[in-house]
C-alpha cells in the first residue's frame, strides 16, 4: 500500500509537469487554432536562455548573488520569449491566416527548427544547469501509518506547487482581466472578435508570449530537474497525449489529462512493464489517450465536434 | 508556343483517359525516363548514386505512399516512420528466416506487413478526426520504436540490435554496384508510381478524395467510410512499407531502429507538404527538395570559403531549413506541384495570355 501511494504521488507530480507543457499547447491552440509543434523547441530555447543568462549576468555586472542572477535571468528569458512570440506573429502567422490546420502545423515544425538552431547557436549547445535553489533532500511523511513511511521527492513537490500556482494565475488572468476576456473571445470566434474591434494580431502576440512564458516555467522546472540540453525539447512529445486526452481546447483538460497520463505512465511501467520487457512508458501514454479518444473523440473536456453538411 | 495541344484531337475514349493527354508531355516523360535509365547510369558518380539519387527515389516512393493517405484521403499521419520500419523488418525477417526467399517477394511481404499494421492503426480514424488523429498516429510510431528495440525476435536476436543485409539477388542477378541498385529502385518507383497514379484517378481515388473533402457528405452520397478510409490506410502503408524495405536493404544496408524514428515521419510529411498535397508529381518534387536542400546547405560554407565549426554549421543548417519551410508554406501553400502546373498553364497560353 505504501509503495502504491508513493507511485501514485510520483505519477501525480510528473503529471503536473506534463500538464504544464500541455498548457502551452492548449493556450496557443485555443486562441490561434495552431497546433504548436514548436512548443518543445520553445521550452528548450527558454531553458537555454535562463541557464546562460543566470551564468552571464553576474559576470557582466560583477555581482554574485544567485537570487539576483536568477531573477534577472528569468526576466531576460521572459523578454526573449516575448520577442520570439512577436517575430513568430510578424514573420509567419500573419501570412498564414486561413490556411488549413496541417499547413499551420508544418509551419510550426519549421519554426521549431529555427528556434532549435537559434537557441543553440546563441546560447551554446553543451549541457547546462539551472539552479533556482530547490531543495533536493527527500521527505518522509506518514511514517506512523505505514511501515517506513512514504518517501516523497521534495523537488517534485515544489515543482508541482509552482505549476499549480501558474495554472491559478493563468486562470485568473483569463477570467478576470479584460485582456483575458479578449483572448477568450478570439478563442470562441476569430471573426466575431475582430468585428467588435479586438486586434487579432496583437492578441496572437499576447497568446504566443503567454505560451512562451509557460514554456519558460516548464523549462526552468524540467531544466533544474534534468539539466538543460537538447533532449529537453523532447518533453513536448510527452505532452501530446496529454493534450488530446484532455481535449485540445480545454485548460482543465490539460491539467487533468496530465495527471492521468502521469499516474498511468508510472503505474503501467511498474505493474505491466515488467511483463513486457520494460520501457513501455513511451507508448503507453499514447495508447491510453487513443483508448479514451475512441470513446470520446474530442477528448475529455474538448469542445464537441459538430459536423455540418 | 511550343507547348500547346492545338491540332491534337482525341477520337476514342481511351485517348481521352490517357495518363498524359498532351503529346509534348508524353515526349517529355519518355525523355525523362531515357535520361533516368540510360543517362544517369552512364554519367553519375558513385557518390551521386549513394547520397542523392537512391535516397531521392526511395523517399519519393514513401512520399507517394504518404500522399495517398494525407493528400488524397485527408487523414494526417505522423507515424510514417513506423510503417517504414515495419516494412524493413518484415522484409528482413522473410529474407533471413526463409531459405531461398526471392528478394522481390520479401520486399512485397514487407509492404503487406506494413499494410496490416496500417489497417490496425487506421481503425481509430473511423472515429477520431483531424489533429486528434494526427497525434493518435504517433502511438504507432512509439509502439513500433519500442517493439523493434525490445523484442529480440524482430532483429533475429542480433546482440547489437542492428541488422544488415549483404547481397541483393533477383533471379540469379546480383545488385552490387550503386548504379545497379539505383536501377532496381528506379524500376520499383516507376511501377508503384504508375500504380498509385492510376489508383487515385480511378473510382477508389475519387472515394478517397470525397472522404477528404467532407466525410459526412461522402457517406451521405453512398461512399462507405470504413472501406474508403481503411483502403487508403492499407494502400498507403503498403507503399510506405515497400519504401521502408528498400531504404533498409538498398540505401542503408545495415540499420537499427533509430533509422526509422519520428524524424523520418516529419521529414516525409515535409516532403508532401512542400511538394504538394494530393499530387503524385508533387511527391517527387518534395523528395528532391528535402534530399537536396541539406546537401546544398552543407556545401555553401565550403564554396564561400568560410570556415566554421561543425556545430555552428549544423545549427545554421537547422535554422535555414526551418526558415525555408516556413517561407515556402507562405508563398506557395499548395506546394511545388502547384508552381509546376501554373508554369505549364503559362506556357500553354504564351505569348498571348488572354
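The values are calculated or read from the model by the stated rules, or taken from the named source; none is laboratory data. Remember, predicted model here, so these are calculated numbers, not experimental data. As a convention, Cβ positions derive from the backbone with ideal geometry for all residues, glycine included, and neighbour counts pool all protein chains shown.
Determine if segment A:224-233 includes at least one residue that is within 14 Å of chain B (Cβ to nearest Cβ), more than 19 Å from residue A:10 (Cα to Cα), assigned to a helix (DSSP H, G or I) and without any contact (Cβ under 8 Å) to a residue 24 or more places away in the chain. Can you show your working first?
Quick first cut of segment A:224-233, residues within 14 Å of chain B (Cβ to nearest Cβ) only: A:229-231, A:233.
Remaining after also requiring more than 19 Å from residue A:10 (Cα to Cα): A:229-231, A:233.
Right, trim to assigned to a helix (DSSP H, G or I) and you get A:230-231, A:233.
So of that shortlist, the ones also without any contact (Cβ under 8 Å) to a residue 24 or more places away in the chain come out as A:231.
Yes, segment A:224-233 contains at least one residue that is within 14 Å of chain B (Cβ to nearest Cβ), more than 19 Å from residue A:10 (Cα to Cα), assigned to a helix (DSSP H, G or I) and without any contact (Cβ under 8 Å) to a residue 24 or more places away in the chain.
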### Query
Quick check, is residue B:126 within 14 Å of chain A (Cβ to nearest Cβ) and surrounded by fewer than 20 Cβ atoms within 10 Å (Cβ to Cβ)?
yes
### Task
Could you tell me whether any residue of segment B:304-312 is out of contact with any strand residue (DSSP E or B) (no Cβ under 8 Å at 6 or more places or on another chain), away from every other protein chain (no Cβ under 13 Å) and in a helix (DSSP H, G or I)?
yes
### Task
Run down A:25, A:37 and say which single residue is within 12 Å of chain B (Cβ to nearest Cβ), modelled with pLDDT of 85 or more and not in a helix (DSSP H, G or I).
A:37
### Query
Within the bounds of segment B:139-150, is there any residue that is at the interface with chain A (Cβ under 9 Å from one of its Cβ atoms) and over 27 Å from residue B:252 (Cα atoms)?
no
### Task
Kindly establish whether residue B:171 is within 30 Å of residue B:30 (Cα to Cα), at pLDDT below 85 and more than 14 Å from chain A (Cβ to nearest Cβ).
yes
### Message
Looking at segment B:48-64, can you tell me whether even one residue there is closer than 30 Å to residue B:211 by Cα and at pLDDT below 90?
### Response
no
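Is it the case that some residue within segment A:122-134 is within 14 Å of chain B (Cβ to nearest Cβ) and modelled with pLDDT of 85 or more?
Applying the first criterion (within 14 Å of chain B (Cβ to nearest Cβ)) to segment A:122-134 yields A:122-127.
Still in the running and modelled with pLDDT of 85 or more: A:122-123.
There is at least one residue in segment A:122-134 that is within 14 Å of chain B (Cβ to nearest Cβ) and modelled with pLDDT of 85 or more.
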### Message
So, in segment A:253-309, exactly how many residues are within 12 Å of chain B (Cβ to nearest Cβ), farther than 24 Å from residue B:78 by Cα and within 18 Å of the chain's Cα centre (by Cα)?
### Response
0
#### Entry: Members of segment B:156-173 found to be under 25 Å from the mean Cα position of the chain (by Cα) and surrounded by 11 or more Cβ atoms within 10 Å (Cβ to Cβ), listed by number
B:162, B:163, B:164, B:165, B:168, B:169, B:170
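On the given criteria, is residue A:220 within 17 Å of the chain's Cα centre (by Cα), modelled with pLDDT under 80 and either assigned to a helix (DSSP H, G or I) or closer than 16 Å to residue A:30 by Cα (or both)? If you could, list the steps in order and put the result at the bottom.
On the way: within 17 Å of the chain's Cα centre (by Cα): yes; modelled with pLDDT under 80: no; either assigned to a helix (DSSP H, G or I) or closer than 16 Å to residue A:30 by Cα (or both): yes.
No.
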### Task
Could you please find all residues in segment A:79-114 being within 23 Å of residue A:234 (Cβ to Cβ) and more than 10 Å from every other protein chain (Cβ to nearest Cβ)?
A:80, A:81, A:84, A:85
